[in-house]
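Notes follow the structure.
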Amino acid sequence: MTIVLPIILGLLAVFYFVNLLGKASLSGLPPDSATSTDMYVIKRRILHYAKQNNKLPKPVDELPPLEGFVNRNTDYWGNKIVIQIDGTTVSLISYGKDNKPGGTGANLDMIAVFDAKTRSGTWADENDDGYPSWKKPPVLRWNKDDYKQKMK
C-alpha cells in the first residue's frame, strides 16, 4: 500500500498538469503575437465553416469551435476581432488596445486578409497554410491608411 499511494498521487498530478496545459491561454505572449495567433485560429474556423456549409459565416458567432484550440473571437485585450467579408475575401481586424481605428503603439490596428477559395473555386483547406496564403498576414501591425495604400 505504501508504494501504491505515491504512484496514484503521481498519476493524478500528471493528469492535472497535462489537463491544465491543454487549457492554457495565450496570456503569456506579447499582445500582437497573441492576437495574431487568435486570427490564425479564426481563419481556420471560418474555412472549416465554409467547407461544412458551402458558404462563409455571416455572424461571427456561427463559427464552430475547433478542438484543441483556444476558440475566442477577441484580441489580446478582449476586444472583438472584426470580420469583414467581401465576396470570398475575408478581413480580420483588431483595433488594438483602445478598440478604435488607427493609433500608435499598443493602439495600432492589426489587419489580416485571406481568400476563402482557391484559384479553382473550391473552398480552401483549413489545415493548409499554403494557398490560400494570407494576402496580408496578421504578423505586422499597420494602421488603416497604410493598409489601404498597400492593397492598391
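The values are calculated or read from the model by the stated rules, or taken from the named source; none is laboratory data. Keep in mind that this is a model prediction, so the values were computed, not measured. In this analysis, Cβ positions are derived from the backbone assuming ideal geometry, glycine residues included, and neighbour counts consider all displayed protein chains.
For the reader, a short list of remarks on this structure follows.
- Residue match in the range 43-57 (condition: more than 16 Å from P137 (Cβ to Cβ), modelled with pLDDT of 90 or more and touching a Gly at 6+ places or on another chain (Cβ under 6 Å)): no
- Residue within the range 19-26 that is surrounded by 10 or more Cβ atoms within 10 Å (Cβ to Cβ), within 18 Å of P138 (Cβ to Cβ), modelled with pLDDT under 90 and within 14 Å of the chain's Cα centre (by Cα) present: yes
- Y76 at pLDDT 90 or above, among the hydroxyl-bearing types (S, T, Y) and assigned to a loop (DSSP other than H, G, I, E, B): yes
- Of all residues in the range 99-123, those being closer than 20 Å to Y76 by Cβ and assigned to a loop (DSSP other than H, G, I, E, B) number 8.
- Of the residues examined, D146 is not one that is modelled with pLDDT under 85 and in a loop (DSSP other than H, G, I, E, B).
- Each residue in the range 28-42 was checked for being assigned to a loop (DSSP other than H, G, I, E, B) and either under 19 Å from L66 (Cβ atoms) or among the aliphatic types (A, V, I, L, M) (or both), and 1 pass.
- If you filter the range 100-134 down to residues that are under 21 Å from L29 (Cβ atoms) and within 17 Å of the chain's Cα centre (by Cα), you find that the one that is modelled with the lowest pLDDT is D129.
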